[in-house]
Amino acid sequence: MKKDFSVVIAGGGSTFTPGIVMMMLENSDRFPMRELKLYDNDGDRQGILGEALEILLKEQAPDLKFSYTTDPEEAFTDVDFVMAHIRVGKYEMREQDEKIPLKYGVVGQETCGPGGIAYGMRSITGMLEIIDYMEKYSPDAWMLNYSNPAAIVAEATRVLRPDSKVLNICDMPVGTLRRMSQIVGTTPDKLEVSYFGLNHFGWWTSVKDKATGYEYIDEIKEYVAENGYLTQVEVDTQHMDESWQATHKKAKDLLAIEPNYLPNTYLKYYFYPDYEVASSNPEFTRANEVMAGREKQVFTAARNIIEKGTAVDGGFHIDSHASFIVDLARAIAFNAKERMLLIVENNGAIANFDDDAMVEVPCIVGSDGPEPLAQGKIPAFNRALMLQQVTAEKLVVEAYIEGSYQKLWQALSLSKIVPSAEVAKQLLDDLIEANKGYWPDLK
Ligand code: NAD
Ligand code: G6P
Ligand code: MN
């Protein structure tokens with residue numbers, strides 16, 4: 001196995017790019033790189049981060065070959081890993097995904113319900129494009145994908161690119177595990193979990209001490225029943241805004257409805273949509289918060305670095321919580337047999353769930369990819385909810401492939417968040433209008 005790697009970040013203009021690049025520098029002893037490239041289809045947006053990172057890397061990692069480009073051949077040639085975080089339609093379309101449902105009193109969310117479905121219909125095209133570039137220019141490379149909506153992207157990849165080396169991963173379980181470790185006074189690397197579900201739709205069944213096998217779940221549940229996942233100490237650099245704190249807190253009510261397991265925070269959109277709509281501002285949604293917050297902060301820092309010509313005290317911060325991406329790359333590169341939650345084809349991992357469903361379960365990851373770990377049978381309540389959700393996700397992908405209005409209408413009607421077929425149809429017609437140029441034509 002080689003000793004240093006060539007990486008391209010697809011979606012180079014992402015608000016997460018500087019934090020991830022700095023995290024990779026911090027981890028360069030565990031994951032040495034010889035070359036790093038950024039690729040984006042928006043050269044102006046990426047150029048700001050690219051120029052600032054060029055300055056930073058010259059100062060902090062002069063031996064690392066660095067470039068940024070909008071040319072697929074340049075970007076994808078001679079790479080070992082593609083780290084993908086694209087957002088097709090950018091924040092402008094995220095805003096639509098969130099605001100259109102709210103007009104109908106329906107939850108407006110990036111990855112859940114109608115917003116997630118609309119985003120999914122956009123993302124499939126962009127994801128297939130970069131997978132094809134990778135396979136054309138670096139056929140041995142792996143793609144580590146965290147572009148959303150990961151559940152729909154993963155299903156589309158399963159159906160349309162079944163042999164591609166794409167691993168889909170989400171950071172929510174990672175972030176929440178950090179909070180759990182805080183609750184019991186340890187660190188996440190010392191914990192080992194069992195978990196079943198779909199992406200943004202699952203439950204922890206066990207949280208154990210890796211070394212001793214001691215089971216912490218009852219202690220964590222006791223805390224969550226009172227406080228949700230709100231902890232006193234800053235444990236998760238990504239999910240810290242006030243609206244995220246409300247989400248961590250709401251886990252309390254998610255545990256109340258299903259006290260057997262610890263919930264993924266995203267279940268709040270399915271169990272408490274009325275609360276969610278009531279606490280949303282239809283004029284100022286999460287997309288607006290992020291544009292005024294993270295996006296502004298990151299791009300202002302980049303412009304400052306460019307203006308000063310140095311990144312010393314420059315305002316880019318290490319996204320240490322993203323180090324799981326390095327763990328995943330290492331697991332592949334060094335056959336590390338790391339245990340991680342990934343979004344994979346079920347094939348019996350959840351014994352009483354469809355084989356061809358893309359589920360989120362613990363896997364052992366080595367050079368050949370992930371081996372899902374058996375999670376046994378799950379109860380009827382959770383299974384029924386998951387089946388409804390996964391069927392909606394599958395219908396989205398079928399609608400995309402067949403250009404079927406009917407199937408997308410069914411997908412929206414099946415989403416637990418949407419109250420009726422009538423509302424689903426009105427929403428669909430609005431979403432088609434808003435997504436012109438991004439979605440395939442539907443008949
Ligand atoms: P962003 O809009 O700042 O960045 C996305 C970038 O992708 C933009 O620069 C855009 O120009 C680019 N892009 C869009 N379509 C493209 C295409 N077809 N080819 C190449 N580049 C393209 O968004 P962000 O908030 O930084 O998030 C980036 C992505 O990461 C989103 O999909 C988001 O949902 C995802 N994300 C996932 C997780 C997870 O847990 N899986 C966590 C955080 C963010
Ligand atoms: C979590 C989820 C991601 C999602 C992100 C949104 O990390 O796991 O899938 O993209 O939250 O965060 P934001 O700050 O953009 O609302
Ligand atoms: Mn996620």
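Report the label-to-label distance for N347 and T186 in nanometres (one decimal), using points 7 Å from each Cα along the Cα→Cβ vector.
Going by the 7 Å Cα→Cβ label model, 3.0 nm.
Using a basic spin-label model with each label point 7 Å from the Cα along Cα→Cβ, how many nm lie between T125 and E215?
With each label point 7 Å from Cα toward Cβ, the separation is 5.0 nm.
If you count the DSSP beta bridges with both ends in the chain, what percent of them are antiparallel, to the nearest 5? If you can, show how the numbers build up before the last one.
On the way: 24 of 47 bridges.
Looking only at bridges with both residues in the chain, the antiparallel portion is about 50 percent.
So how do C363, C112 line up by other beta-carbon neighbours within 10 Å, fewest first? If you can, show how the numbers build up before the last one.
Working: C363 22, C112 27.
So the ranking, lowest neighbour count to highest, is C363, C112.
Could you give the nm distance between label points at R30 and S206, where each point is 7 Å from its Cα heading toward the beta carbon?
2.4
So which chymotrypsin sites (Phe, Trp or Tyr not before Pro) in the stretch 254-312 pass both tests, a DSSP loop state and at most 15 other Cβ atoms within 10 Å of the Cβ?
Values: sites: Y261, Y266, Y269, Y270, F271, Y275, F284, F299; in loops: Y261, F284.
Taking the stretch 254-312 and a limit of 15 other Cβ atoms within 10 Å, the loop chymotrypsin sites (Phe, Trp or Tyr not before Pro) found are F284.
Using θ = phi - 60° and the Karplus curve 6.51 cos²θ - 1.76 cosθ + 1.60, what whole-Hz ³J(HN,Hα) does each residue of the stretch 154-163 get, with Gly and Pro shown as x?
Going residue by residue, I get 5, 5, 4, 5, 4, 7, 9, 9, x, 9 Hz, with x marking Gly and Pro.
Based on the Cβ-Cβ distance of L373 and K425, what FRET efficiency does E = 1/(1 + (r/R0)^6) give at R0 = 45 Å, to the nearest 0.05? Before the final figure, lay out each step's value.
Numbers: r = 41 Å, r/R0 = 0.92.
After rounding to 0.05, the efficiency reads 0.65.
For the residues Y405, Y68, Y119, what sequence is obtained by ranking on other C-beta atoms within 10 Å, fewest first? If you can, show how the numbers build up before the last one.
On the way: Y405 16, Y68 24, Y119 29.
So the residues, fewest neighbours to most, are Y405, Y68, Y119.
Under the rule of at least 5 residues apart or a separate chain, name every residue whose amide H is placed under 5 Å from the amide H of Y229.
Counting only residues 5 or more places away or on other chains, the set is K249, A251, K252.
Run lengths n ≥ 4 of DSSP H only: what is the helix-derived mean residue ellipticity at 222 nm for the chain, with -39500 (n - 2.57) per run over all residues, to the nearest 500?
Working: 17 runs with 208 residues, N = 443.
Computed ellipticity for the chain at 222 nm equals -14500 deg cm²/dmol.
Going by the alpha-carbon gyration tensor, a ≥ b ≥ c the square roots of its eigenvalues, is the chain rounded (a/c under 1.5) or, if a/c is not under 1.5, prolate (a/b greater than b/c) versus oblate? Each step should come with its number before you reach the end.
On the way: a/c = 1.36, a/b = 1.17, b/c = 1.17.
Because its axes are fairly even, with a/c under 1.5, the chain counts as rounded.
Counting other beta carbons within 10 Å of each Cβ, put S123, S194 in order, fewest first. Walk me through the numbers before you get to the answer.
Details: S123 24, S194 19.
Ordered from fewest to most neighbouring Cβ atoms within 10 Å, S123, S194 come out as S194, S123.
Tell me, what is the FRET efficiency for Y438 and L387 to the nearest 0.05, using R0 = 35 angstrom and their Cβ-Cβ distance as r?
Numbers: r = 29 Å, r/R0 = 0.82.
The computed FRET efficiency comes out at 0.75.
So how strong a dipole does the chain carry about its Cα centre when Lys and Arg Cβ are +1 and Asp and Glu Cβ are -1, to the nearest 20 debye? List each step's numbers first, then the result.
Working: 44 positive and 67 negative charges, 100 e Å.
Dipole of the chain, to the nearest 20 debye: 480 debye.
Mind giving me the FRET efficiency for D356 and Q406? R0 is 22 Å, r the Cβ-Cβ distance, nearest 0.05 is fine.
On the way: r = 21 Å, r/R0 = 0.98.
Rounded to the nearest 0.05, the efficiency is 0.55.
Readers should treat all values here as calculations from the given coordinates under stated rules, not as data from a laboratory. These numbers were taken from a predicted model, which means no experiment stands behind them. Positions of Cβ are backbone-derived with ideal geometry, glycine not excepted, and every protein chain shown enters the neighbour counts.
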